[in-house]
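Notes follow once the structure below has been shown.
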Amino acid sequence: MNTPDINEKRPMKLAAAGGAAAALSLLAAALAWAAGESGRLDFAPATAKVNVMGTVGDSTTSETRAAAQVRSTAVVYAIFGGLLGLGIGAAVALVGLVGRGGRAGYLPMLAGLVAGVVAGAAGPIVVLPLYSRLVLDRAGEFLPSMATHAALWLGFGVTAGLAWGLGVGDRRGLVRSVLMSVLCVALGAVIYEVLSAIAMPTSVTTDPVPAEAPARLMALACAALSACLGAVFSGAGRAAT
């Protein structure tokens, strides 16, 4: 059972953990973006037999290029999701909110890392093919673009909420932390659409994966902050004892 002195210090620790989590979330976005921009994570499109004016040869197609983009984006998002969950879990552990340490201190980091990798990779694998089938003919429109980005980032909200809820030791507030983070990710997608359209009108920011590097960084940064702040401001952990 916590003493009154510890309970009085808890709000300060939560604030410190929130600030550290936000900073580490942005760092996760920057590192994943840098890894993606290095070109080392890019998958080369496969070739297929195509018939061009009666001549059959091997060439890439729109389908193989789309498949390569899905794989490349999945790897970048898996890295980002893993670093996001790991960073938020580490931020909570650093300020001593996970009890006496030991295994309890590693649980939020491990859970955040695993959830982030899985959820981050799942987003592009599920959403990008659906985008090609259902949204591509409406590319450039605000609402379809916003919905696509929100769906792509959904897993980051789950990751951040899970890492924060476990980290602050509030099992009852865990669901609230996840739901609040997911809702804020949706809000972050709206903010991204508006800001990117104003700041980068030529970057085709309405595409699931923006055409230019600065826009891709902005997308990851918006996803990182919205997911993290949703969890931090969910109220999870305030009443933990």
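The values are calculated or read from the model by the stated rules, or taken from the named source; none is laboratory data. The model shown is predicted, which means the values in this text are computed figures rather than measured ones. Methodologically, a virtual Cβ is constructed for each residue, glycine included, from the backbone with ideal geometry; neighbour enumeration extends over all protein chains shown. To get the accessible areas, we keep the full protein, side chains included, count just its heavy atoms, and leave off ligands, DNA and RNA. Shrake-Rupley method; radii C 1.70, N 1.55, O 1.52, S 1.80 Å.
Of the accessible area of the stretch 124-241, computed with a 1.4 Å probe over protein heavy atoms only, carbon and sulfur atoms account for 72 percent. Remark: the THR47-LYS9 segment gains 7.6 nm on full extension, using 0.36 nm per residue and subtracting the alpha carbon distance.
Take each peptide in 174-187, 195-208, 218-231, count the other Cβ atoms within 10 Å of every residue, and average; sorted highest first, the result is 218-231, 174-187, 195-208.
Taking K and R as +1 and D and E as -1, what net charge do the other residues with C-beta under 14 Å from the C-beta of VAL178 add up to?
Details: positive: ARG171, ARG172, ARG176; negative: ASP170.
Once all neighbours under 14 Å are counted, the net charge is +2.
For the stretch 125-241, the solvent-accessible area works out to 45 Å² per residue, with a probe of 1.4 Å and every protein chain left in place.
Expected output is a single nm value to one decimal: the length gained when fully extending between ARG133 and VAL194, i.e. 0.36 nm times separation in residues minus the C-alpha distance. What is it? Mind showing how you got there, number by number?
Working: separation 61, 0.36 × 61 = 21.96 nm, distance 2.48 nm.
Contour length minus Cα-Cα distance gives 19.5 nm.
Using C-alpha pairs below 8 Å separated by at least 6 residues, the relative contact order for the stretch 121-241 is 33 percent.
Highest mean packing first, where packing is the average number of other Cβ atoms within 10 Å per residue, the peptides 117-128, 161-172, 28-39 line up as 161-172, 117-128, 28-39.
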